[in-house]
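Asker: A single structure is presented below for examination.
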Amino acid sequence: ERRERERKLSKEMAEKATRELEKMQLQEKAEVKYKEWLKKKRAEEAEKKKKEKEKEKEREAELQEKKERSEKIFKEWLHNARSKPRPVLNGYGFPHGKSTGLYSYCTYVVS
């Protein structure tokens with residue numbers, strides 16, 4: 001009986017040690033997989049941030065280009081506007097485009 005109990009006990013201890021060893025191996029595999037996943041996730045986040053920065057730079061460049069173009073067009077318009085003749089707003093008898101004052105058959109407008 002004693003030998004059988006010792007053998008049974010040693011068998012149980014061996015099974016327990018085997019289970020613990022398997023458990024530790026599974027834990028190590030899980031840790032390795034987790035580290036790989038974390039590394040991959042961080043790489044994806046870095047790539048995403050890089051793309052966002054590139055998009056932001058492109059947007060800023062487009063806005064700057066648009067602003068420069070607008071300023072150039074405005075300056076050209078301003079330069080051309082100075083050289084154009086101005087309309088006579090308050091000419092004799094026609095302030096604001098309406099006839100006032102001296103009437104003659106020449107100033108009569110049929111509408």
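The values are calculated or read from the model by the stated rules, or taken from the named source; none is laboratory data. Here the structure is a predicted model, which is why all the values come from computation and not from measurement. For accessibility, only protein heavy atoms count, side chains too; no ligands or nucleic acids. Shrake-Rupley method; radii C 1.70, N 1.55, O 1.52, S 1.80 Å.
Asker: How much accessible area per residue does the range 1-88 have, in Å², with a 1.4 Å probe? Working shown, then result.
Answerer: Numbers: 9860 Å² over 88 residues.
Using a 1.4 Å probe on heavy atoms only, each residue of the range 1-88 averages 112 Å².
Asker: Where a Cα-Cα gap under 23 Å defines reach, which lysines qualify for LYS75, not counting those fewer than 8 residues away within the same chain?
Answerer: Cross-link targets: LYS66, LYS67, LYS84.
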